[in-house]
Amino acid sequence: MTEYQNEQREALAMVRQHLASLTEHELENLRERTADYLVFRQDVDAFLKKYFSDLCTQTCYHNQLSACCTKEGIITFFADGVVNALESSEEQLETLQERLAFPHQGNKCIYLGDRGCLWQMKPLVCEMFLCAKAEKEVLAENSRARKTWESLKQREKTFRWPDQAILFDDLEEIFIRAGYSSTLMYLHNSPGLIRIKAMRDG
Ligand code: SF4
């Protein structure tokens, strides 16, 4: 098992364990905290569907290229796992856990299934990734799409970039206070991000 896989497996187990220990009321509070983020994700989904669905289906899906989903090629934040778990069924989470339980063969992401990504709410880095071909064929040709995409990228920062108070930091904090620690808690263990938080807090 690779280090990447182990980190993912441990983080998922922690998230499931903690969420299972919460009351319905506490879970509801947690869901409320993610509400704005879910609206943002719906807006990104709608944008991608409108402008990129045909291109991605033709270029990558039909021929099973899935070029974006390379093996261990993406960073997942701890908060990605929390949001995904809140939005997933037990069965979906069990599928992820099973995937992570065995050594992974092949050169594609461990989470890539026959019908696409196995996450109910895929990691933010994946959601916001556009390959060079997609950028060139759509954004370079359509100023309206380009402006909308730029504005979505700005909104993305308000959830994960710690020059301001952000959801991804808050979600890590909740788990840290509950006694958990994960290498995927980048808002608390990446020197660069910690420095930005320190500058923010003066
Ligand atoms: S997590 Fe999902 S979308 Fe992201 S690289 Fe893996 S399969 Fe692709």
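The values are calculated or read from the model by the stated rules, or taken from the named source; none is laboratory data. What you see is a predicted model, and the numbers here were worked out from it, not measured in a lab. Here the Cβ is made from the backbone with ideal geometry for all residues, glycine too, and neighbour counts use every protein chain on show. Protein only, heavy atoms only, side chains kept; ligands, DNA and RNA dropped before computing areas. Shrake-Rupley method; radii C 1.70, N 1.55, O 1.52, S 1.80 Å.
Assorted remarks:
- Among residues of region 115-129, those that are under 20 Å from Ile166 (Cβ atoms), within 6 Å of the ligand (Cβ to nearest atom) and in contact with a Cys (Cβ under 8 Å, 6 or more places away or on another chain), counted: 1
- The set of residues in region 178-202 that are open to solvent by 80 Å² or more (accessible area, probe 1.4 Å), over 21 Å from the mean Cα position of the chain (by Cα) and not charged (D, E, K, R) comprises Met199, Gly202.
- Among the conditions (1) of a type outside the set (Asp, Glu); (2) within 25 Å of Met1 (Cα to Cα); (3) open to solvent by less than 50 Å² (accessible area, probe 1.4 Å); (4) in contact (Cβ under 8 Å) with a residue 24 or more places away in the chain, the only one that Phe47 does not satisfy is (2).
- Whichever residue in region 90-114 is within 11 Å of the ligand (Cβ to nearest atom) and either farther than 13 Å from Thr70 by Cβ or of a type in the set (Lys, Arg) (or both) and, among such residues, is surrounded by the fewest Cβ atoms within 10 Å (Cβ to Cβ): Gly113
- Among (1) within 16 Å of the ligand (Cβ to nearest atom); (2) open to solvent by 30 Å² or more (accessible area, probe 1.4 Å), the one test that Asn142 misses: (1)
- When the criteria are applied in full, Leu187 fails the requirement of being over 23 Å from Leu38 (Cα atoms), among the hydrophobic types (A, V, I, L, M, F, W, C) and modelled with pLDDT of 95 or more.
- Single unsatisfied condition, Ala132 versus (1) modelled with pLDDT under 95; (2) under 20 Å from the mean Cα position of the chain (by Cα): (2)
- Test: Leu55 is over 20 Å from the mean Cα position of the chain (by Cα) and within 28 Å of Gly106 (Cα to Cα): yes
- Subset of region 21-52 that is basic (Lys, Arg) and closer than 30 Å to Arg144 by Cβ - its residue that is nearest to the chain's Cα centre (by Cα): Arg41
- When region 51-89 is filtered for residues that are of a type in the set (D, E, K, R), within 11 Å of the ligand (Cβ to nearest atom) and modelled with pLDDT of 95 or more, only Asp80 remains.
- In region 171-192 there is no residue matching the filter, namely being of a type outside the set (A, V, I, L, M), more than 24 Å from Glu10 (Cα to Cα) and away from the ligand (no atom under 16 Å from the Cβ).
- Flag for Cys60 being in contact with a Lys or Arg (Cβ under 6 Å, 6 or more places away or on another chain) and buried (at least 17 other Cβ atoms within 10 Å of the Cβ): no
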